[in-house]
Amino acid sequence: MNILITGGAGFIGSYLCDRFLTLRHRVICIDNMLTGNSQNLLSARESGGEFIFINADVNRRDEIEDVFKSYDIDAVYHYAAVVGVRRTQEHPFAVLEDIDGIKNIMDLSLRYNVKKIIYASSSEVYGEPVEIPTHEKSCINPSLTYAAVKLVGERFCRAYYEKYGLRACSLRFFNVYGPRQNASSYGFVVGILIRRALMGEDIMIYGDGSQTRDFTYILDVVNSSEKALYAKGCDGEVVNIGTGVRTSILSLARAIIDITNSRSKIRFMPKRLNDVLNRCAEIDKMSRVLGYTPEFRLEQGLKIAAQWYKSCLRDWSHLENERAC
């Protein structure tokens, strides 16, 4: 197949490029390199497979329509987005521009007869959940612009499926982590804590650390994303992608200190405004519709991630804050 992956130089997108190249599909990767990293694409470029990289912005139709014209695209993974809590809060209007990208992908996919679209959504659409674990029909209460845009994308997928029969599904990812993820101040909690532990710096926890998250290893996300391509039962649907296991931030910090044999101390900081207290996925639908259950325990995933971040230590001092390792 010809598979288009938007945001393909990003954390999750680059793993998808690797996966489908391994399966001997042609991969067309689109990324504007705002948060993407060329280092993430090294294995794709060196795979020997049919890999095509296009520097373009999906939010600009004129930059991507030729891609649909030039290649007979079978499937689209629309994973391009402005990501990271700090970045999305600092640039709320840039986040809103992602709605144009969603519209462009849906319109062009319909026009050029794409067989299926997989859309990357987020557990952020639940806001502060009213029930734990949270299932797909739980109350939706997005409190961030980023979450509202993700919800808009889900609605587009549903509408195009119902009105035009365009097969599309949305995957709500819960706290993905693993090698390649940004660990700068613009990054994500697991990478940030591992980086600090490896460097022997204080690990800062906001509040008392009792807030919980459902940490999902990158390969569980890639495996479920691949399953979604072939699963007919997810057409027009949203599916949680998580582990169903709650882990407190304090427990996470202690586990990382232990795994890295760090001398870092935990330092408690004032609670952050609007910090979600608890988040955990109900994964029955993932198992039933996609036929997939998580394979990686948190400790196992953290060990793999810590080893990778350790290999990047010598490069961190040369990186800008916005860049990943």
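The values are calculated or read from the model by the stated rules, or taken from the named source; none is laboratory data. Remember, predicted model here, so these are calculated numbers, not experimental data. Note: ideal-geometry Cβ built from the backbone for every residue, glycine included; neighbour counts use all protein chains shown.
Numbers below:
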| quantity | calculated |
| --- | --- |
| Where residue 130 falls short, out of the listed (1) out of contact with any helix residue (DSSP H, G or I) (no Cβ under 8 Å at 6 or more places or on another chain); (2) assigned to a loop (DSSP other than H, G, I, E, B); (3) modelled with pLDDT of 95 or more | (3) |
| Helices (runs of 4 or more DSSP H) contained in the range 1-95 and holding at least 2 residues touching a residue at least 12 places away in the same chain (Cβ under 8 Å) and hydrophobic (A, V, I, L, M, F, W, C) | 11-22, 61-70 |
| Candidate set from the range 258-287 (those that are assigned to a loop (DSSP other than H, G, I, E, B) and touching a Ser or Thr at 6+ places or on another chain (Cβ under 9 Å)); member that is surrounded by the most Cβ atoms within 10 Å (Cβ to Cβ) | 283 |
| Top-ranked residue in the range 168-182 [being farther than 17 Å from residue 256 by Cα and small (Gly, Ala, Ser); ranked as surrounded by the fewest Cβ atoms within 10 Å (Cβ to Cβ)] | 170 |
| Test result for residue 146, at pLDDT below 95, buried (at least 21 other Cβ atoms within 10 Å of the Cβ) and of a type outside the set (A, V, I, L, M, F, W, C) | yes |
| Residues (within 24 Å of residue 98 (Cβ to Cβ) and of a type in the set (Val, Ile, Thr)) located in the range 16-36 | 27, 28, 30, 35 |
| Test result for residue 113, in a loop (DSSP other than H, G, I, E, B), out of contact with any strand residue (DSSP E or B) (no Cβ under 6 Å at 6 or more places or on another chain) and at positive phi | yes |
| Of all residues in the range 244-284 being modelled with pLDDT of 95 or more, hydrophobic (A, V, I, L, M, F, W, C) and under 20 Å from the mean Cα position of the chain (by Cα), the one that is nearest to residue 197 (Cα to Cα) | 252 |
| Matching residues, the range 86-122, being more than 13 Å from residue 61 (Cβ to Cβ), acidic (Asp, Glu) and surrounded by 15 or more Cβ atoms within 10 Å (Cβ to Cβ) | 98 |
| Filter result for residue 292 (closer than 25 Å to residue 156 by Cβ and free of Cβ contacts under 8 Å to residues at least 12 places away in the same chain) | no |
